[in-house]
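The values are calculated or read from the model by the stated rules, or taken from the named source; none is laboratory data. Keep in mind that what you see is a predicted model, and the values were worked out from it rather than measured. Positions of Cβ are backbone-derived with ideal geometry, glycine not excepted, and every protein chain shown enters the neighbour counts.
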Amino acid sequence: MQVHLYDPPERFVAGTVGEPGQRTFFLQARAGVRITSVAIEKQQVSALAERVDDLLDQVMKAGSEAVVPAMAPLDLDDSGPLDQPIEEEFRAGTMTLSWDPHDQRVVIEVFPIPVTGIPGPDEDEPEPDEVFLVRISPRDARAFVKRCVQVVRAGRPGCPFCGEAIDPNGHLCVRANGFRRRDP
């Protein structure tokens with residue numbers, strides 16, 4: 001199995017390439033000159049950020065010895081573009097998230113979508129041949145969550161009536177019986 005391990009990375013972020021409505025999302029880690037970029041869906045970025053935030057809150061409530069900030073430290077703000085070159089290693093499928101109490105780190109594992117597709121109910125999922133493994137401190141994890149939220153929100157604005165994304169030309173709003181609404 002090929003393991004893209006960053007323990008810890010110099011930088012770990014979610015970012016995009018392209019214009020709103022046509023963006024491709026990536027998780028990217030860098031250590032020295034080594035960069036790993038994994039394509040990921042917008043919903044996966046949002047879900048991962050939410051789960052990391054929940055995990056950190058649970059660690060705080062459990063009275064762990066780890067120092068877990070309640071918010072992202074300002075000194076870790078990262079609004080820069082993704083590092084170049086962006087070469088997709090694989091497209092994210094299954095992700096796992098855990099807390100390592102010994103090293104006091106958040107552990108994120110991202111596995112590729114299986115080449116054979118989704119297994120049927122009587123089939124075992126094939127073993128992945130690759131994994132993107134990142135281990136980050138609670139401070140870096142809170143900063144990662146903050147950046148994920150910003151990246152997801154930076155897309156097209158939502159319609160105030162139906163919630164669907166509004167293109168620059170407007171959109172056909174289902175709540176207005178197909179009437180073309182524009183962003184106010």
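Pairs are defined by a Cβ separation below 9 Å, a sequence spacing of at least 6 or placement on different chains, a first member in the stretch 11-22 that is at pLDDT below 95 and exposed (fewer than 11 other Cβ atoms within 10 Å of the Cβ), and a second member that is assigned to a strand (DSSP E or B) and of a type in the set (Ser, Thr, Tyr); the pairs so defined are Gly18/Thr24. For the structure I just gave you, tell me whether Pro73 is modelled with pLDDT under 95, in the same structural domain as Glu130 (by TED's automatic domain parsing) and either within 30 Å of Met1 (Cβ to Cβ) or surrounded by 15 or more Cβ atoms within 10 Å (Cβ to Cβ) (or both). Spelling it out, it is not the case that Pro73 is modelled with pLDDT under 95, in the same structural domain as Glu130 (by TED's automatic domain parsing) and either within 30 Å of Met1 (Cβ to Cβ) or surrounded by 15 or more Cβ atoms within 10 Å (Cβ to Cβ) (or both). Meeting the requirement of 3 or more residues that are assigned by TED's automatic domain parsing to the domain that holds Ala143 and aliphatic (A, V, I, L, M), the strands (runs of 3 or more DSSP E) wholly within the stretch 1-70 are 11-17, 24-31, 34-40. Restricting attention to the stretch 132-149 and to residues that are among the charged types (D, E, K, R) and assigned to a helix (DSSP H, G or I), the residue that is nearest to Gly80 (Cα to Cα) turns out to be Arg147.
Does Gly63 satisfy the condition of being modelled with pLDDT under 95, more than 22 Å from Val131 (Cβ to Cβ) and touching a strand residue (DSSP E or B) at 6+ places or on another chain (Cβ under 6 Å)? Considered against the rule, which asks whether it is modelled with pLDDT under 95, more than 22 Å from Val131 (Cβ to Cβ) and touching a strand residue (DSSP E or B) at 6+ places or on another chain (Cβ under 6 Å), Gly63 comes out as no. Scanning the stretch 24-70 for residues that are more than 10 Å from the chain's Cα centre (by Cα) and among the acidic types (Asp, Glu) gives Asp53, Asp54, Asp57, Glu65.
To keep it simple, each residue is scored yes or no on (1) under 14 Å from the mean Cα position of the chain (by Cα); (2) within 17 Å of Gln28 (Cβ to Cβ); (3) modelled with pLDDT of 95 or more.
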position	(1), (2), (3)
Ser79	no, yes, no
Leu82	yes, yes, yes
Glu88	no, yes, yes
Arg105	no, no, yes
Ile113	no, no, no
Gly117	no, no, no
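On inspection, Gln104 does not qualify as assigned by TED's automatic domain parsing to the domain that holds Ile35 and more than 17 Å from Gln58 (Cα to Cα).
For the stretch 74-97, filtering for residues that are over 23 Å from Gly32 (Cβ atoms) and either without any contact (Cβ under 8 Å) to a residue 40 or more places away in the chain or assigned to a loop (DSSP other than H, G, I, E, B) (or both) leaves 4. Here Asp103 meets each of (1) acidic (Asp, Glu); (2) in contact with an Asp or Glu (Cβ under 9 Å, 6 or more places away or on another chain); (3) touching a residue at least 60 places away in the same chain (Cβ under 8 Å) with one exception, condition (3).
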